[in-house]
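Engineer: The structure is given below, and queries will be raised subsequently.
No lab work stands behind these numbers, since they all come straight from the coordinates. Since the model is a prediction, treat every value here as computed from it, not as a measurement. So basically every Cβ, Gly included, is an ideal-geometry build from the backbone, and we count neighbours across all protein chains shown.
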Amino acid sequence: MAKLIFTYGAMNAGKTTSLLQVAHNYEERGLKTAIFTYNDCDNNGSCFCRLGVSKKCTIFNKETDFMEVDLADASILLIDEAQFLTKQQVFDLGRITSLNDVPVMCFGLRTSWQGNVFEGSSALLGLADELREIRTICCCGKRATMAMKTQSTDNKSEEDIGHDKYVSLCRKCWLLSAKSGGVTL
Ligand SMILES: [Zn+2]
């Protein structure tokens, strides 16, 4: 039976790299993939990872109806920036997995830099058949689970996803940084 899988990690943990590796594995076997990423990016429908590999993908936004999307003969759906999915979209992806028997792998952040669980991540944490964490390390050597903005900016949006604007921290360093940076959590 196909599974709905949520792979989450802190900023720059390698989520997109993992997505592209899965896509490569499928395509190497002659299987088609359908790759989606959120519209709030400046890369014109390419999925970029920090290793410089990119791949053409379809943009989704909060209006996208995954039940209406032509999946052609895709053997798997891969969703990047899955934290920005709506709860309804996550339920529809669950339907595609269970009723169409197509595996769906979602990759995204669990929480925003302010420590709030994203809508898509919340729904995925509740609904996914399998949760996977990609680990990355804080500057102090502990496991990083949180993100903090690296530069003072007026942009308080939790959808501000420029990866160079964040650093991944463990919760202790995140709390201390928030305090010294005057961020109210
Ligand atoms: Zn730390």
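Engineer: By count of other Cβ within 10 Å, fewest leading, how are Arg95, Arg29 ordered? Walk me through the intermediate numbers first.
Structural biologist: On the way: Arg95 13, Arg29 8.
Lowest to highest Cβ neighbour count: Arg29, Arg95.
Engineer: While we're on this one: How charged is the neighbourhood of Met1? Take every other residue with its Cβ under 15 Å from the Cβ of Met1, and add Lys/Arg as +1 and Asp/Glu as -1. Mind dumping the intermediate values first?
Structural biologist: Details: positive: Lys3, Arg95; negative: Asp101, Asp129, Glu130.
That sum, taken over residues with Cβ under 15 Å, equals -1.
Engineer: Could you put Glu68, Glu27 in order, starting from the residue whose Cβ has the fewest other Cβ atoms within 10 Å? Walk me through the intermediate numbers first.
Structural biologist: On the way: Glu68 7, Glu27 13.
Placing the least packed residue first, the sequence is Glu68, Glu27.
Engineer: Order by neighbour count: Val90, Val117, Val102, fewest other Cβ atoms within 10 Å first, most last.
Structural biologist: Values: Val90 26, Val117 14, Val102 18.
Exposure proxy ranking, most exposed first: Val117, Val102, Val90.
Engineer: Residues with beta-carbon under 14 Å from that of Cys140, excluding Cys140: net charge, scoring Lys, Arg +1 and Asp, Glu -1?
Structural biologist: +4
Engineer: Could you tally the net charge around Ser177, taking each other residue with its Cβ under 13 Å from the Cβ of Ser177, Lys/Arg +1 and Asp/Glu -1? It would help to have the intermediate numbers written out before the result.
Structural biologist: Details: positive: Lys149, Arg171, Lys172, Lys179; negative: none.
Taking every other residue near Ser177 into account, the sum is +4.
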